[in-house]
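What follows is a short report on a single structure.
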Amino acid sequence: MATVERKTGGGIGEAVLRKEDRKFVTGEGRYVDDLRLPGMLHAVFVRSPFGHARITGIDTAAAEALPGVHRVLTHATLPAETGVLCASNPPGSDVRQPEQPLLARDEVRYVGEPVAIVIADDRYLARDGADLVHVDYDPLPVVCDAEAALADGAPLVHSEYPDNAAATLFHETDGFAEALAGAARTVELRVVNQRVTPMPMETRGCIGDWQQSTGEVTLHTSTQVAHFVRTFISFVCGTSEAKVRVVTPDVGGGFGAKLNTYREEFAVCSASRVLGVPVKWIEDRSENAVATIHGRDQIQYYTAGVDESGRIVALKLEAFQNNGAYHQLLTPTISHLTVFMVPGCYDIQNISIRMRQAFTNTTPTDAYRGAGRPEATHGIERLMDAIADDLGLDPAEVRRVNFIKPEQFPYSSSTGLVYDSGDYDTTLDEALRLADYAGFAARRAASEANGRYRGIGLSTYVEVCGLAPSAVTAAIGVGAPGWEHSTVRLHPTGKATVITGTSPHGQGHATSWSQIVQTELGVPFEDVEVIHGDTAFQPYGLGTYGSRSLAVGGVALYRSLGKVREKAREIAANLLECSVDDLEWTGSSWQVKGSPDRAKTIQELAGAAWAASSMPEGVEPVLEATTFHDPPNFTFPFGTHVCEVEIDPDTGRVEIVNYTAVDDCGNVINPMIVDGQVHGGIIQGLGQALYEETVYGEDGQMLTPTLVEYLVPSAADVPPMTLARTTTPSPSNPMGVKGIGEAGTIAASAAIVNAAVDALSGLGVRHLEMPMQPARIWNVIQEATS
Amino acid sequence: MGQTITVTVNGTAHTAEVDPRTLLVHFLREQLTLTGTHIGCDTSTCGCCTVHLDGEPVLSCSVLAVQADGCAVRTVEGLAEGGELHPIQQAFHENHGLQCGFCTPGMMMTGLGVIEQNPNAADEEIREALEGNLCRCTGYQNIVAAVRSAADQMARS
Ligand code: FES
Ligand code: FES
């Protein structure tokens, strides 16, 4: 896109270079593995090598005899009040919540489930010790696939239940069956949204530090949700929440993998309690592949009743979600988010959705960038192309006839959401123009002349983000609210500290929040410091996930700035001996209307508020304000992505030759950061479309345990991209902002797969599953041409 | 038993006793507390740990500390001079070539290696050369732009 000029410092809407960068480019970033506390020991977990087995004995003697090993703890010796807790209980779903002890008691249910913790002088010795822990297992039958797990006679993951049903969500509108029966024709499609692994470049890690004398515990952990972790430590470790401090150092990426509370976080606290010294655990990459949540893993069966124009008159989805062996923080809610977004950006009034969640002998699934919404978007966008194909229509036209129209907003969806604002035709038009959709036929002919297949694919997406109104989180059974906190503190010198409940891990909140302060309060960008991620310094914060930081946390900041500004106005009126109504805000000072010489800058007012010698009646000293902002609604960013591919018939390689994204995330604070989020999001979607798949063998073994088998895109794999935006402000908040962190990932996979299906459509190919690795595509071509 | 080695890191000679199995990356991070070099994998696939060993980019997770005996190592901490950012650091900043920053030190050391070997590398060559360095945040567009712009800047000066 036309590059916006980048600047050092600035306000809302400017491409301001990040104030976070310097520490990272100089190596001064401080991630959890960079911290060392006095007397600290190191932990390594002994993990199950079986997908399902009974533990018949654990012998720790040899490990404990090894010089340098201090202790080996097992379920019997590691203190805990309870196991890991799940905060998600969708109403009416009959959700089951199996116990997930910190260390396995008598049964392991997935490869990688922790069984013992070895604590030693350094991590080499702890690893040596772990190799000497002898665990006797009796293997049990395994099931790893959600559909298979729900079939009669499947091996039971939890023998206390009669079957592997984890939860079932069902939603159907009145009159659905009649609408489907009356449709001119039906189109059916099965779509697999495969299991993937989040793979932040920094794995997880934490240090527990339990003070024996006071009972205070500090956990340094690589997380997106410090306050959740604190609350849950108080439950799991059986202590007062007021004695728990959670500190988030720099976090090397999260993507939802760190939106959780994990066994290891509790275990290092308890181990520190037992040993009396800090205990550090840093996850290995191959450990991360089994010990940290996975994403997706949903199988979908769509039936669309359509009229001759391609308009969907009724839509049915029967889906199977693989929850893994246990429920992590939000597992049952993730496919609930899929349910909400099944209709996408289309006006589909008659709908029936059944989401059957299953327990399997696999690592639990939970939020991964997009969390339930990519599954919905990928499915409906594949379905749109299937409908177009069935009717012989242009996929763009089928989308248009189904779009919710601009005049329908606010729009009540058949799944119970109220979409705030949107203009889907405009982003589609703009994307088709930028991608030269009209000129595609000529490009296809040119490719075919070179013996290559060429295709073009669309993804018109809408997502729900800005999580979330607290009344809604409660109504859908999430045991946590969705508001966010901010405090703005002006120091006597007029410099500002912002304390935010959001918890950035690459998103650049310090920069964006400083821009908001400069615009709204007139304190220069460089005079603002942003504090986050330490429960000792902030009131409760909900953290960073679900593209919520700006739409909820940023708006909380905006409201605190407004409060500070208004308080400053009262002080200014007192100093200038006028009424507040006589004052106008200049952007950085209050001045008597029409009299620039009678003004007080925000810095002067901060000093006066601190000195407090001349305060108006009833006004407290100091310019400081706090807001807990609970949004009235979600926000609904949207857009159109267009992908163009070439496929080499000899190798089966899908090459993306052009990628165009037109996104609408409402008003933008920093276009450079937004573009960065879109780039990264698209490449994660591309990873799922082309390369990534977390695979279990029949025996429950993890077949993709390292970055050698699990292919993450590299610089050599990324296509040229054209980015553009339209701006449809959200009416859900006074800033008109929406959110952009997940949009790219939500949109990309469908555009890429649709392009590849289009490329091979001449061979009679109607559908392709992800990941479209060369071998898979080569086989498809062979079958179609032989 | 420990073994005594001398390694010159960012211009300073360090003599230390190491366990022979100690990886160079752990020597740098744990013994010298130079934590700017990161660890992102255990299969030599991510590039987070890239440093220069006698002027060549290497994966410090794949080199034993004892193998670096007598060698010169350059890490991210040795890039800036006198508070002045190195052109590669400045370029990553100005091109928004980082988000969480975890891959960044390794990415810059590899990028610098490319520039030093081929100051006129085309974008395609830069992409190929960065293939062993994974970034999960940026989608690489701005990383490639940053390396390109650092190369131009260094050619000018
Ligand atoms: S740590 Fe991944 S390549 Fe060295
Ligand atoms: S910036 Fe986060 S991994 Fe590259």
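The values are calculated or read from the model by the stated rules, or taken from the named source; none is laboratory data. Computed from a prediction, not measured in an experiment: that's the story for all the values here. Glycine also receives a Cβ, built like all others from the backbone with ideal geometry; neighbour counts cover every protein chain displayed. Quick note on the areas: whole protein, heavy atoms, side chains included, nothing else; ligands and nucleic acids left out. Shrake-Rupley method; radii C 1.70, N 1.55, O 1.52, S 1.80 Å.
Measuring from centroid to centroid over Cα atoms, what is the spacing of segment A:508-571 and segment A:756-783 in Å? Going from one Cα centre to the other spans 49 Å.
Relative to the Cα centre, the charge distribution of chain A, modelled as +1 at Lys and Arg Cβ and -1 at Asp and Glu Cβ, gives a dipole magnitude of about 1100 debye. Reported to the nearest whole Å, the Cα centre-to-centre distance from segment B:100-130 to segment A:720-734 is 32.
Stretching residue A:94 away from residue A:407 to a fully extended chain increases their span by 108.8 nm, per 0.36 nm per residue minus the current alpha-carbon distance. For trypsin sites (Lys or Arg not before Pro), the sites in segment A:563-652 that DSSP calls loop and that have at most 15 other Cβ atoms within 10 Å are A:593.
Which value, to two decimals, describes the C-alpha radius of gyration of segment B:3-78 once divided by 2.2 N^0.38 Å? Mind dumping the intermediate values first?
Numbers: Rg = 11.0 Å, N = 76, 2.2 N^0.38 = 11.4 Å.
The reported ratio for this selection is 0.96.
Mind jotting down the distance between the C-alpha centroids of segment A:403-435 and segment B:1-70, whole Å? Here the two parts' Cα centres lie 54 Å apart. What the pair-distance distribution of segment A:483-629 shows, using all Cα-Cα distances binned every 10 Å from zero, is 13, 41, 30, 13, 3 percent.
With Cβ to Cβ distances under 14 Å as the rule, what net charge do the other residues near residue A:631 carry (K, R +1; D, E -1)? Neighbour charge sum, excluding residue A:631 itself: 0.
Would you calculate a helix-derived [θ] at 222 nm for chain A, using -39,500 (n - 2.57) for each DSSP H run of n ≥ 4 and dividing by the full residue count, to the nearest 500?
-8500 deg cm²/dmol
Could you please put A:75, A:629, A:220 in sequence from largest to smallest accessible area, using a 1.4 Å probe?
Sorted by accessible area, descending: A:75, A:220, A:629.
For the pair residue A:784 and residue A:588, label points projected 7 Å from Cα toward Cβ lie 6.1 nm apart. Legend: calculated FRET efficiency, residue A:30 to residue A:775, from the Cβ-Cβ distance at R0 = 35 Å, rounded to 0.05, equals 0.25. Extending 7 Å from Cα along the Cβ direction at residue A:214 and again at residue A:37 yields two label points whose distance is 1.2 nm. Listed by chain and number, the lysines whose alpha-carbon sits under 29 Å from that of residue A:600, ignoring those within fewer than 8 places in the same chain, are A:7, A:19, A:495, A:563, A:567. The residues of chain B expose on average 37 square angstrom of accessible surface per residue, using a 1.4 Å probe on protein heavy atoms. Please give the residues of segment A:716-739, grouped as numeric ranges, whose backbone N is less than 20 Å from a label point set 7 Å along the Cα-to-Cβ vector of residue A:563. Of the residues in segment A:716-739, A:733-736 have backbone N under 20 Å from the label point off residue A:563. Here the extension length gained between residue A:8 and residue A:613 equals 214.1 nm, from 0.36 nm per residue of separation less the Cα-Cα distance.
The equivalent ellipsoid of segment B:87-156 has semi-axes of 17, 13, 10 Å, largest first, where each one is the square root of 5 times an eigenvalue of the Cα gyration tensor. Residue A:279 sits with roughly 0 Å² accessible to a 1.4 Å probe, with DNA, RNA and ligands left out of the calculation.
Using only DSSP helix segments of four residues or longer, with each worth -39500 (n - 2.57), what per-residue ellipticity at 222 nm results for chain B after dividing by its residue count and rounding to 500? Walk me through the numbers before you get to the answer.
Numbers: 4 runs with 45 residues, N = 157.
So the calculated ellipticity at 222 nm is -8500 deg cm²/dmol.
Can you give the FRET efficiency to the nearest 0.05 for residue B:56 and residue A:537, using r as the Cβ-Cβ distance and R₀ = 45 Å? Write out the running numbers ahead of the final one.
Numbers: r = 44 Å, r/R0 = 0.98.
In this case the efficiency is close to 0.55.
The aspartates and glutamates within cross-link reach of residue A:316, meaning a Cα-to-Cα straight distance under 17 Å and a gap of 8 or more places when in the same chain, are A:172, A:174, A:178, A:188, A:307, A:347, A:375, A:381, A:385.
Rounded if a/c is under 1.5, else prolate if a/b beats b/c, else oblate: with a ≥ b ≥ c from the C-alpha gyration tensor eigenvalues square-rooted, which is segment A:229-309?
In terms of gyration-tensor shape, prolate.
Mind grabbing the interface size between A and B? I mean buried accessible area, both sides, 1.4 Å probe, in Å² to the nearest hundred. Could you put the intermediate results ahead of the total?
Working: alone 27570 and 8060 Å², together 31300 Å².
Chain pair A/B: roughly 4300 Å² of buried accessible area.
Hey, got the average number of other protein chain Cβ atoms within 10 angstrom for residues in A:195-205? Per residue, the average neighbour count from other chains is 4. Spin-label pair residue B:33-residue A:436: with each label point 7 Å from Cα along the Cα-Cβ axis, the two points sit 5.8 nm from one another.
Once neighbouring chains are kept in place and the probe is 1.4 Å, which whole percent of the accessible area of segment A:1-135 is contributed by carbon and sulfur?
Working: 2830 of 5640 Å².
Summing carbon and sulfur atoms, their accessible area is 50 percent of the total for segment A:1-135.
Largest first, the residues A:699, A:582 sort by 1.4 Å accessible area into A:699, A:582.
The stretch between residue A:136 and residue A:151, if pulled fully straight at 0.36 nm per residue, gains 2.4 nm over its current Cα-Cα span.
Around residue A:622, under 14 Å between beta carbons, what's the net of Lys plus Arg minus Asp minus Glu among the other residues? So the environment of residue A:622 carries a net charge of +1.
Near residue A:318, within a Cβ-to-Cβ distance under 13 Å, what is the net charge of the other residues, with Lys and Arg +1 and Asp and Glu -1?
Working: positive: A:190, A:316, A:354, A:356; negative: A:147, A:172, A:188.
Neighbour charge sum, excluding residue A:318 itself: +1.
For the protein assembly as shown, the average shadow cast by the Cα convex hull is 41.4 nm², which is a quarter of the hull's surface.
Please identify the trypsin sites (Lys or Arg not before Pro) of segment A:731-780 that satisfy two criteria: DSSP loop assignment and at most 13 other Cβ atoms within 10 Å. Which are they?
Qualifying residues, ordered by number: A:766.
Only protein heavy atoms count here; on that basis, with a 1.4 Å probe, residue A:161 has an accessible area of about 40 Å².
Suppose we flag GluC sites (Glu not before Pro) only when DSSP calls them loop and at most 10 other Cβ atoms lie within 10 Å. Which is the longest uninterrupted stretch of chain A? Intermediate values should be presented prior to the final figure.
On the way: sites that count: A:5, A:160, A:308, A:577, A:617, A:698.
Counting only loop sites that pass the neighbour cut-off, the longest clear stretch is A:309-576.
Phi angles across segment A:621-629 convert, under the Karplus curve 6.51 cos²θ - 1.76 cosθ + 1.60 with θ = phi - 60°, into 3J(HN,Hα) values of x, 6, 8, 8, 8, 10, 9, 10, 9 Hz, Gly and Pro given as x.
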